[in-house]
Each structure stands twice: as structure tokens, then as C-alpha cells.
Amino acid sequence: MAASEGFQVLFEQDGVFMHGDAERSGEQDGFISGSLRLMDKDGDVLVEFKAVEDAVDPSSILCPGKDSSSVVEWKCNERPSRPLESQLSCETEWDMVNAVYFRKKSSTPADADGLPLPPDRSRRPLSFSVMDLMSVKVRKEGWMYLIFILKNDSTIPALHFHHGGGEAFLDCLRRHVLLSESVFDHSCLMVSRPNSALSQSFENLLDDTTFGLIQKFRKDPYTTTLGGFSKVTNYLFDAFRGPDAEPQERPPDEVADMLTEAIPGLDINQQEEPGFEVITRVDLGERPEVQRSEPVTQEEWEASVDSEGRIRDPQHLKNRIFRGGLCHSLRREVWKFLLGFYPWSSTQEARRVLHRSKTDEYFRMKLQWKSVSEEQEKRNSRLRDYRSLIEKDVNRTDRTNSFYEGEGNPGLILLHDVLMTYCMYDFDLGYVQGMSDLLSPILYVMENEVDAFWCFTSFMDEMHKNFEEQMQGMKTQLIQLGTLLRLLDRTFWNYLESQDSGYLYFCFRWLLIRFKRELTFLDVLRLWEVMWTGLPCQNFHLLMCCAILDSEKQKIMDERYGFNEILKHVNELAMKLHVEEILCQAEALCLQLKNCKDLPSSIAEILGFSCEASAAVEVDDGKERDSPEPFSPSQVLQSAPSFSPSRNGHIRNGAPDLYKLAYIS
């Protein structure tokens with residue numbers, strides 16, 4: 001790695017050739033020899049091509065295809081013309097309900113400013129920032145050549161790596177941007193950058209007056225608890241006391257009564273929950289050190305698949321994913337297994353049959369809401385309300401992520417359509433604010449609405465109770481988290497109770513959408529794929545909460561934070577947490593508890609230790625394992641989630657009211 005004044009060279013390759021004239025791109029003498037560099041200049045990573053003076057014998061250079069400068073471009077609400085082979089796709093017959101299409105756009109070679117590159121400028125240095133890069137096309141014609149497409153739709157002339165180095169350049173580029181293969185064009189790598197900004201899906205309720213916030217709490221505690229408590233400040237207790245009250249601490253039992261009234265049934269501070277044993281102090285033993293591994297690579301994945309497409313050893317692969325996660329290029333395929341869309345023992349042919357069937361099923365459900373007329377919708381208030389909430393949430397979900405940013409972004413159209421179709425799949429639940437946060441990373445990875453939908457439905461099977469009107473899932477998780485904290489650190493638990501914080505409301509958002517708002521977007525991808533393995537125990541996300549609190553407990557107690565300060569401090573941890581550190585700490589807690597000889601039965605039940613198989617993390621012994629019997633196509637269809645007519649839009653009695661379910665006012 002070379003360094004120079006003002007910049008640092010990250011990558012350099014000679015023997016790179018560029019077309020200098022768009023009019024002569026197919027001619028041999030249209031090539032210009034030069035060197036390609038990737039440089040870090042004051043924190044900005046630049047790609048630079050610089051021509052050399054020595055001419056090259058054009059007779060030794062082969063010409064590229066005429067379409068080497070084509071680029072896939074999003075196009076909304078316009079039907080494309082497609083070649084015959086694509087018309088034979090199983091999705092073709094459903095074009096009538098599609099809202100997003102792709103088409104090829106011929107691009108003229110241009111410089112970084114989007115202007116055509118005339119011959120007299122062709123030997124000048126060409127430079128652009130990777131922050132301006134939208135996609136990279138990778139082609140091979142004996143050698144590799146790359147075509148860079150910038151955000152302003154301009155196209156850099158093709159760069160040919162006659163002496164190799166193309167893969168090395170892409171590997172270096174991946175250290176600074178995320179390159180993910182487009183599902184619509186395998187030769188196109190989409191470019192995105194890590195997003196460290198908080199997404200705007202949660203409204204800041206504290207913009208209201210103090211009176212307004214408390215009125216919201218008393219009128220709709222479910223909404224205000226989920227939305228307002230995530231942004232609570234020191235005004236809260238003062239607001240509960242009222243403007244004329246003397247500054248004094250509210251008695252703990254009165255605070256407990258008030259919060260119990262807000263969420264009935266969540267009385268974990270008043271008495272031991274029925275069915276839970278009273279936990280005394282237990283010697284937990286020493287907490288072990290845990291190390292993480294590197295992500296599963298493309299080579300590892302290919303080695304784990306046999307000639308028919310079966311996964312040779314699913315358990316070993318799950319352990320590798322738990323230990324290190326996946327490289328991003330594998331996520332689109334492997335997440336379908338982790339989320340139950342594809343059975344682990346299915347063959348490639350079985351998965352092809354399944355995908356065709358589920359594509360047909362998805363578009364039949366999508367057609368249900370797409371074919372509802374305006375007159376019909378006027379007389380269907382629930383569907384109208386679902387649509388209104390979805391449109392509102394979609395417009396503010398992860399808008400700083402390149403996949404969703406900008407007006408009229410097709411990623412937003414896909415997000416909207418998948419959520420609307422889910423309402424047809426589960427009309428009783430419909431849409432609840434927060435579900436868009438669970439779908440967004442899945443759609444980002446899949447880049448396909450059918451795959452994203454079925455993976456999302458599997459994830460929602462696990463998260464469903466979090467969004468039900470009675471909030472039973474949230475109540476249970478908070479009770480279980482309190483039980484774990486009491487055992488792991490009784491001193492810290494007692495401190496929380498003394499500060500009226502034993503209800504653990506500050507963990508509410510963590511549990512509701514699985515840390516989606518606490519970590520960067522890329523860290524969320526890593527965390528979710530690790531948790532979807534089901535290892536090393538059940539309810540591993542509760543140990544994640546314990547790990548975070550364990551790292552913050554000393555500061556909370558040393559600073560003697562009260563009720564308001566604890567809520568504020570925990571809320572401000574968002575985007576400051578490091579997923580690998582938390583995973584190490586959480587696994588260490590799991591191993592510590594698993595090795596405890598006197599572990600209370602209630603803890604063993606929460607973590608699933610009563611079933612040893614669910615808690616064991618396999619040690620890779622390097623031995624060959626027997627391959628499971630494959631699923632046939634008919635078996636795959638029988639085992640896959642199916643569309644039930646009872647969930648196709650009929651309104652059942654007692655269905656939850658939409659606004660009672662919403663967590664943002």
C-alpha cells in the first residue's frame with residue numbers, strides 16, 4: 001500500500017485499458033492503456049484511471065461486445081418489452097399486478113460529470129468518488145472488464161483488465177462499500193454504504209407539550225409506551241405529578257400501580273409471576289471467554305452443497321453461521337433456509353418447484369388488494385386504514401439507506417406491496433406499525449418481492465405476538481428478562497427496582513423489533529442471521545439484552561441514575577452498540593448458565609436447557625457427516641407455508657382495532 005502526500009494508494013493496477021471514444025468503442029484502436037488506482041484522499045475513497053503515453057499494439061486486443069455499456073435501470077409504472085425467454089417466466093402471467101419493472105438502458109460513455117468523453121479528453125486522468133457510485137457491471141471476454149454507473153445515471157467507459165487484477169480491485173472496493181449482486185442481473189453489483197443514522201420511522205413524541213404527551217399516555221397507553229418511552233426525558237415524572245405538585249419522589253407502589261394500569265397484566269414487580277419459582281442467590285461459576293469467527297464464505301457454502309443441491313450438514317452450517325455470520329453475497333440464498341422458506345434437505349429441483357408455486361400464490365394474494373376498486377375500498381374501512389398506515393410508514397422507513405432513499409424509489413414500492421399483500425395473508429393482524437422495520441432488511445437482501453414476502457411471513461410467525469392487541473408476547477418477554485436479570489446480578493436488579501425501573505420498559509423497543517433501531521443496518525443483518533440459527537439456546541435475544549445491560553450497569557449505578565435517567569441513557573445507546581461484542585458477551589452468559597449445576601428450573605425453561613439438543617453448540621470435528629434424505633418437490637410443497645382461504649380477507653369477529661395496535665401516535 002503506497003502513501004503519498006495528501007492521499008494513500010489502496011490499490012494500483014497497470015495494464016488496464018479503457019475505451020476512449022464512444023463512437024469507436026467496437027474498434028481495436030479505441031482502447032487507451034493506463035493504470036487504475038483506488039485512493040484514500042482525506043477520508044474520501046477515489047477511483048482514478050490515468051492513461052500512459054506509450055501506445056499499445058491494437059492488433060493484440062480483442063474487441064468487446066456492443067452492449068458492454070448497458071445498465072439495468074429502475075423504471076416505475078411502465079411495461080418493458082422483454083425477450084422471449086423471459087416471457088416464459090412463471091411471473092410473466094402476473095405482470096398485470098406488478099408495479100415495478102426493470103429495463104435495459106443504453107448508456108453513452110461519459111466522464112464523472114455525466115458528459116460524453118470526446119477523443120481529445122480521453123487521455124486525461126479520470127477520477128470519481130465511490131460515494132457517487134451506484135453500480136458496477138462485471139463482464140468477461142477472455143479477460144474481465146468493469147463498467148461503473150454513477151448516481152447521476154452517467155456511465156464510465158469500460159475498463160478492461162488485460163493483465164488480471166479485476167477481482168483484486170473488487171475485493172479492495174468491498175472494504176469501503178457494500179457490493180451485492182442484483183437478482184435481476186447477475187453481472188450487476190449494486191453499491192450501498194453503511195448507514196449509521198437513526199431511521200426516521202419513530203416519531204419524536206416529545207415535540208408535543210408535556211401535557212400532550214401525558215394525555216396521549218392516559219388515552220392510549222399502548223401507543224405512547226412504544227413510541228414515547230423510546231424518547232422519554234427527564235420531564236416524565238414532573239409531567240405525571242402535574243405543574244403544581246411539589247418536587248418529591250412518587251412512592252414506588254404508586255408508580256407501579258400507574259404503570260400496571262397502563263399495560264394490564266404486567267405486574268412483575270408486585271409479586272412473583274404464577275408458575276415461576278422464587279430465585280435465591282446461586283453460584284453461577286466463572287464466565288467463559290468467547291471468540292467469534294469469520295463469516296461463512298462462498299467457497300464454504302459451495303462445499304456444503306452436494307451435486308443435487310442438498311445441504312450436506314445443516315447443523316454444522318448453522319453453527320458456522322452462528323459463529324461468524326454470512327458474507328453478504330450469500331445472504332439472499334441462505335436466508336431462505338434460515339427463515340424456513342426452503343427446507344434444509346430440499347434439492348435444487350424441489351426448490352425450483354416450490355418457488356414457482358409460492359410465486360403463483362403470492363401474486364394471487366396481491367391481486368386481491370390490487371383489484372379492489374375505489375368504491376369497494378370506501379366501504380372497507382379496515383383495508384383503507386391498513387393502506388393509509390402502510391403508506392405513512394413506508395415513506396419514513398430507512399430512507400437514509402440507498403435502497404430506499406429518494407422520491408419515487410422502487411424499493412419503497414416493493415416495501416408497500418409486500419406489506420399490503422401480508423394484510424391479505426393475515427387480515428386479522430393486518431398491518432401494525434413496526435412491521436415495516438422487520439421487512440426492510442429482508443427486502444434489502446432479497447431484492448425480490450416474492451422471496452422477501454415468504455421470508456417475512458416466516459419471521460412474523462416468530463414475532464406475531466409482539467404486535468397483537470393484548471401484547472402477550474411483550475409481557476412474557478419482559479417477565480422472562482426480569483427473571484434472568486435477577487439471577488445474573490441481584491444487586492443490579494435491586495437497584496433497578498429501587499428506581500422504579502423493574503418493569504424494564506427501557507428494553508421495550510429492543511424486544512419489539514429485535515434491536516432494529518439500536519444497531520447500524522449492516523449490524524442488524526449480522527445479528528438477525530445469527531439469531532435465526534436458533535443457537536445456542538432459545539430466547540437468545542434475552543441474553544443479548546442482559547449482555548447490553550451488564551456493560552452499562554456500572555455507569556447506571558455509579559451515576560445513581562433514576563427512572564428518567566435510565567430510560568434516557570438506554571435510549572441514547574442506539575447506534576453506539578457493537579454487535580460482535582454483544583454476541584460474544586451473550587454467548588458467554590449462555591455458557592455460564594448452562595454450566596451452572598444449581599440452575600433454577602425456571603431459567604432452564606426460559607433458555608430451553610431442559611432439551612439439551614436445543615442448547616448445544618456443535619464443535620466442528622472436521623469429520624464427514626451423512627447427508628440427510630432429500631425432500632421431493634411434492635414434499636417441499638407440503639411442508640412450505642401455504643395460503644389459507646380463511647386468511648384471504650374475511651374480517652373475523654373480535655379482530656383488534658387498528659389504532660389500538662399502532663405504536664406511533
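The values are calculated or read from the model by the stated rules, or taken from the named source; none is laboratory data. Please read these numbers as outputs of a predicted model, since none were measured by experiment. Neighbour counts run over all protein chains shown; Cβ positions are idealised from the backbone, glycine included. Please note that ligands, DNA and RNA were not included when accessible areas were found on the heavy atoms of the full protein model with its side chains. Shrake-Rupley method; radii C 1.70, N 1.55, O 1.52, S 1.80 Å.
Structure values in brief
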| read-out | value |
| --- | --- |
| Subset of region 397-415 (residues that are assigned to a helix (DSSP H, G or I) and either touching a residue at least 40 places away in the same chain (Cβ under 8 Å) or touching a Cys at 6+ places or on another chain (Cβ under 6 Å) (or both)) | 410, 413, 414 |
| Top-ranked residue in region 300-325 [being more than 24 Å from the chain's Cα centre (by Cα) and polar (S, T, N, Q); ranked as nearest to residue 523 (Cα to Cα)] | 304 |
| Matching helices (runs of 4 or more DSSP H) fully within region 276-379 where at least 3 residues are crowded, with 19+ Cβ neighbours inside 10 Å | 314-324, 328-338, 348-370 |
| Count of region 155-181 residues which are open to solvent by 10 Å² or more (accessible area, probe 1.4 Å) and over 28 Å from the mean Cα position of the chain (by Cα) | 4 |
| Enumeration of residues in region 424-446 that are of a type in the set (S, T, N, Q) and modelled with pLDDT of 95 or more | 436, 440 |
| Matching entry among 522, 589, 567 (being of a type outside the set (Ser, Thr, Tyr), out of contact with any Asp or Glu (no Cβ under 8 Å at 6 or more places or on another chain) and under 26 Å from residue 316 (Cα atoms)) | 522 |
| Matching helices (runs of 4 or more DSSP H) fully within region 478-547 where at least 1 residues are out of contact with any Phe, Trp or Tyr (no Cβ under 8 Å at 6 or more places or on another chain) and polar (S, T, N, Q) | 490-498 |
| Close pairs from region 534-549: first within 8 Å of residue 586 (Cα to Cα), partner assigned to a loop (DSSP other than H, G, I, E, B), Cβ under 8 Å, at least 6 apart | 543/537; 544/515 |
| Residue in region 424-431 that is under 30 Å from residue 131 (Cβ atoms) and out of contact with any strand residue (DSSP E or B) (no Cβ under 6 Å at 6 or more places or on another chain) present | no |
| Residue count for region 395-423, restricted to those that are open to solvent by less than 10 Å² (accessible area, probe 1.4 Å), of a type in the set (A, V, I, L, M, F, W, C) and at pLDDT below 95 | 0 |
| Flag if residue 470 is open to solvent by 10 Å² or more (accessible area, probe 1.4 Å) and not in a helix (DSSP H, G or I) | yes |
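Here is a yes/no grid of residues against (1) closer than 16 Å to residue 548 by Cα; (2) under 15 Å from the mean Cα position of the chain (by Cα); (3) open to solvent by less than 10 Å² (accessible area, probe 1.4 Å):
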{"site": "429", "(1), (2), (3)": "no, no, yes"}
{"site": "436", "(1), (2), (3)": "no, yes, yes"}
{"site": "450", "(1), (2), (3)": "no, no, yes"}
{"site": "466", "(1), (2), (3)": "no, no, yes"}
{"site": "497", "(1), (2), (3)": "no, no, no"}
{"site": "503", "(1), (2), (3)": "no, no, yes"}
{"site": "510", "(1), (2), (3)": "yes, yes, yes"}
{"site": "521", "(1), (2), (3)": "no, yes, no"}
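Rundown of residues vs (1) buried (at least 17 other Cβ atoms within 10 Å of the Cβ); (2) at positive phi; (3) modelled with pLDDT of 95 or more; (4) of a type in the set (Gly, Ala, Ser), yes/no style:
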site	(1), (2), (3), (4)
527	yes, no, yes, no
534	no, yes, yes, yes
583	yes, no, yes, no
591	yes, no, yes, no
596	yes, no, no, no
614	no, no, no, yes
627	no, no, no, yes
